[in-house]
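Everything on this sheet refers to the single structure shown next.
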Amino acid sequence: MQLVQRRPLPPQLSRVRAGGLLPLLAILAVLLVLVAVRQPDFLAPASLMSFLGRSAPIILLAAGQYFVIVSGEFDLSVGSLVTAQVVVAARLIDSDPSRTWPVVLVLLAGGVLVGLVNGLITTRLRVPSFITTLGMFLILVGAVYLWSDGAPKGGLSEEFRRFGRRAFEDVPVLGRIPYALVVLLVLATLAVLLMRSDFGRILVAVGDNARTAALSGARVARTRTIAFMLSGLAAAVAAILIGGYSGVSFQAGAGLEFGAITAVVLGGVALGGGRGSVAGAMLGALTLELLFTLMNFYGVSGALRPTVQGAIILFAVAVSTRRSTSR
Amino acid sequence: MSARPPALLTLRGIGKSFFGVRVLDGVDLDVAPGEVHAVVGENGAGKSTLMKIVSGGYAPDTGTIEFAGQPRVFGGPRDAQRAGIGIIHQEFNLLPERTVAENVYLGHEPKRRGLVDRRQMLSRTAELLATIGETDLPAEAVVGRLGVAQQQVVEIAKALALDARLLIMDEPTAALADHEVELLYGLVRRLQQQGIGLLYVSHRLTEVFDLSDRITVLKDGRLVRTMPTADATAEDVVRQMVGRELSSYYPDRAVPADIGAVRLTVRGGGNRKLRDVDLDLRAGEVLGIGGLQGSGRSALARALFGVEPFTSGVVTIDGRPTRLRSPRAATRAGLAYVTEDRKGEGIVGRQSVLDNALLASRAVVPARSGRAARTARVRELLAAVEVRAAGDDQEIRFLSGGNQQKVVLARWLALDPLILLFDEPTRGIDVGAKSAIHDLVRRLARAGAAVLMISSELPELLGMSDRLLVMRDGRVAGELPAGATEEDVLALAVGTVREAAA
């Protein structure tokens, strides 16, 4: 159909997008300064690289959680999924290096499968995701205890553990680059690209107004289910890194779901969906980790972590609600 | 000054900016007790902002508010309420599960020894309703079971229970069916007799002329003119609103040569809300669908678009039987649906104009042909439908209703639909944008699209349609040719005549 062509609207102004992350970047900068004051060595390239490598799992979990939250749902199952994956990996590998790669694939597939189940229960059976994933959380905890008779069995191979604890050493300028950091950079790039794709834009639209999205031809249930699968996948990768870094334990993933949600909220992503960027969520995770590092340097008890996390969640949600309703 | 009684509300030099954009500039306005003062203007003219300032929602940047002889600064809507200013929004703010009385006295229930005194609450509500002549509405009725018009009465009673002396009515008839509008007229008259001042915001000029004592026209945040209604004509007001002449309200209808083959047919279509619907829709024509609210007009569009699909009957598109089981299936079959509830299911409010316009393309068309080209095309469409926004990255919720609707249109045009379903495409849209949308609908039909258009506004329905179906109780009550009168449509809609043998 021939419609008169007019001057197009002014194109996107990049400052608007960057503006959303500015407060977070400011907080990050302040934390860095505070850390540097207390512990100048921290800013040395090698120690900074190690810090980033250590933070990789929570950043990945935040990215996974972001997909779910921006689509208007929650995933509370990731912490126990990480634990389950670490325990399962130890038992399946049983210290046999030749089983490393098959087990890595099993873990990745398992993560996706748990996400699929979460997604189907939420979208097809219409159980609120809060409940679905809380149920999944409990099921996984119980199943792991049952399967391992109360104590982790077997052991991880060194090949498996290197992802989480080895690094490219003697790198010029940077000193060392942990494998975990490489994994993080690759997946983070993919996550950002995914959010720029049609799928990513639809995901946000679904979280903002699922009715409109459905009436525009979007497959809402499928889109949300994929978000859960991505979160499961992120949990699997995080489990591989965490297992490598800190070994096998029933505490491997404890509390990570709240860590991830806190990070996402801190990153300016609206609970309930429809607003915020995956880069913001990952920066939120980095900020959170840096804050805990800082608390550590200043001798604040580690027992305060949950309290701080809780306070941050409340504060961040209050601020974001205020921002979005003030006009 | 004249012999007018001292004003109830006096605004002087009201100005307001958002993010450096002036939305109101030096507006003066006054309302006398018992006066109906209509405020008209295109969307984006500043009406809503002005109403929010009067009702305490926003603080003005400049200017003064005087109410009942005293200068006022409202800290919030509650301050304004306490001072005696009530506002009746387009969307009601009622608890559907509670009774009329409970809603009317919500938050300030009459108490006896610390407990809610239900008997007194009921009797006071009944008195209140009686003072505005609404004796038929029982105070103990559950609000959710009432019709829209009666719910509006509850909203008004709610404001009066707080001793409102000035009522702001924002598009009060937008949600009402035509026969309910008459009831509202009566109510407005009785409020006037009580000495209550009314600020009446509406797009419908008929009402404005029927009801108001004075009319104030706003354009681009400035006051164009305030005039006694008796001295004004509709043409004057429209010209002042849009700043130009609207030569004819509706574009020319289709000529026989424009009308092509049958695109879509329904035979015996039925579901929970529809029965035995037969329908033919041809390329190049605008088929109007009339009827009262709840007659099945919207249900028909929703059935066709697969939202609540037909459970019986046969639908064909270009001669082939087709099942449209979901909006996605309908979209892929070449249908497009502009919904009646723009905010609830038409826009994705917090996403950008561009994201909104790309939504359907992204959802159903794989981007193989190149995303850059697709985006460029959608940008052209946004420009072609003349969306006015600060940029295509602006969140759509900050646009006026008319501009939002144009973005929704661009979204569908990007898919080159063959069949377009419009449900109240111009509801809540200002005059200028309205005729732009009318033109666009007609141009689409002329380009070969088959258009089905639902409207509760009879002049629009009659002005736009090449042919009309009128619905009643989930059935097609009859068909009317172009040139039918409002009386013809109403007669079929309310069932005062025998149905045409169909």
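Derivation of every value follows stated rules applied to the coordinates shown; laboratory data play no part. Computed from a prediction, not measured in an experiment: that's the story for all the values here. In this analysis, Cβ positions are derived from the backbone assuming ideal geometry, glycine residues included, and neighbour counts consider all displayed protein chains.
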Contact order normalised by residue count of chain B, Cα under 8 Å, 6+ apart, percent: 15
Point-to-point label distance, B:V73-B:D220, nm (Cα→Cβ direction, 7 Å offset): 3.2
Hypothetical label at B:K343: residues of segment B:353-389 whose amide nitrogen lies under 17 Å (7 Å Cα-Cβ projection): none
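With both bridge residues required to lie in segment B:9-242, what share of the DSSP beta bridges run antiparallel, to the nearest 5%? Don't jump to the answer; show the numbers that get you there.
Working: 24 of 41 bridges.
Of all bridge pairs located within segment B:9-242, approximately 60 percent are antiparallel.
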Exposure proxy order (Cβ contacts within 10 Å, fewest to most) of B:E91, B:E171: B:E91, B:E171
Loop-located GluC sites (Glu not before Pro) in segment B:121-155 whose Cβ has at most 11 other Cβ within 10 Å (DSSP): none
Residue-averaged beta-carbon neighbours from other chains (10 angstrom radius) around A:199-206: 4
Nonlocal amide H pairs with B:R275, under 5 Å, H built at 1.01 Å: B:R475
Volume in Å³ per residue [convex hull over Cα atoms, computed for segment B:248-334]: 114
Other-chain or far-sequence residues with amide H under 5 Å of B:F18's (modelled H): B:V23
MRE, 222 nm, helices only [DSSP H, n ≥ 4, -39500 (n - 2.57), over chain B, to nearest 500]: -9500 deg cm²/dmol
Chain A - Kirkwood radius from inverse mean 1/r over Cα pairs (Å): 20.6
B:D28 paired with A:Y145, simple spin-label distance in nm, labels 7 Å along Cα-to-beta-carbon: 7.8
Calculated SAXS-style log₁₀ I(q)/I(0) at q = 0.21 Å⁻¹ - segment B:171-250, Debye, Cα scatterers: -1.08
Centre separation in Å (Cα based) which lies between segment B:55-116 and segment B:297-346: 42
Difference of contour (0.36 nm per residue) and Cα-Cα distance, B:Y250 to B:A234: 4.2 nm
Förster-model FRET efficiency, 41 Å R0, A:L92 and B:A373, C-beta, rounded to 0.05: 0.25
Residue-averaged 222 nm ellipticity for chain A, from DSSP H runs of 4+ at -39500 (n - 2.57), nearest 500: -24000 deg cm²/dmol
A:T307 versus A:L34: modelled label distance in nm, points set 7 Å from Cα along the beta carbon direction: 1.5
Over segment A:58-135 - Rg/Rh using Cα atoms and the Kirkwood inverse-distance radius: 1.04
B:R225 long-range amide H proximity, modeled H, under 5 Å: B:V217
5 Å binning of all Cα-Cα separations within segment B:340-416, expressed as whole percents from 0 upward: 3, 18, 31, 26, 15, 6, 1
Simple Cβ-charge dipole of the protein assembly as shown, Lys/Arg +1 and Asp/Glu -1, about Cα centre, in debye nearest 20: 2100
Square roots of five times the Cα gyration tensor eigenvalues for segment B:9-242, Å: 31, 21, 15
Kirkwood hydrodynamic radius of segment B:50-176, Cα pairs, Å: 15.5
3J(HN,Hα) from dihedral phi, segment B:94-111, Karplus parametrisation 6.51/-1.76/1.60, rounded to Hz, x for glycine, proline: 10, 8, x, 8, 9, 7, 4, 4, 5, 5, 4, 9, 4, x, 9, 4, x, 10
Burial ordering of A:L290, A:L190, B:L354, fewest other beta-carbon atoms within 10 Å first: A:L190, A:L290, B:L354
Low-density loop positions, chymotrypsin sites (Phe, Trp or Tyr not before Pro), segment B:169-248 - DSSP coil, at most 15 other Cβ in 10 Å: none
Chain B: angle of helix B:118-131 to the longest principal axis, Cα-based, in degrees nearest 10: 80
Proximal lysines to B:K52, defined as alpha-carbon separation beneath 20 angstrom and excluding residues fewer than eight positions away on the same chain: B:K16, B:K158, B:K219, B:K343
Vicinal HN-Hα couplings computed from phi for segment B:314-323 (Karplus, 6.51 cos²θ - 1.76 cosθ + 1.60; Hz; Gly/Pro x): 10, 10, 10, 10, 6, x, 9, x, 9, 9
Average beta-carbon neighbours from other chains, 10 Å sphere, peptide B:342-354: 5
Whole-Å semi-axes of the protein assembly as shown's equivalent ellipsoid (Cα gyration tensor): 54, 34, 26
Volume of the Cα convex hull of chain B, divided per residue and given in Å³: 168
Estimated vicinal HN-Hα couplings, Hz - segment B:250-258 in sequence order (Karplus 6.51, -1.76, 1.60; Gly, Pro = x): 10, x, 4, 6, 5, 9, x, 5, 6
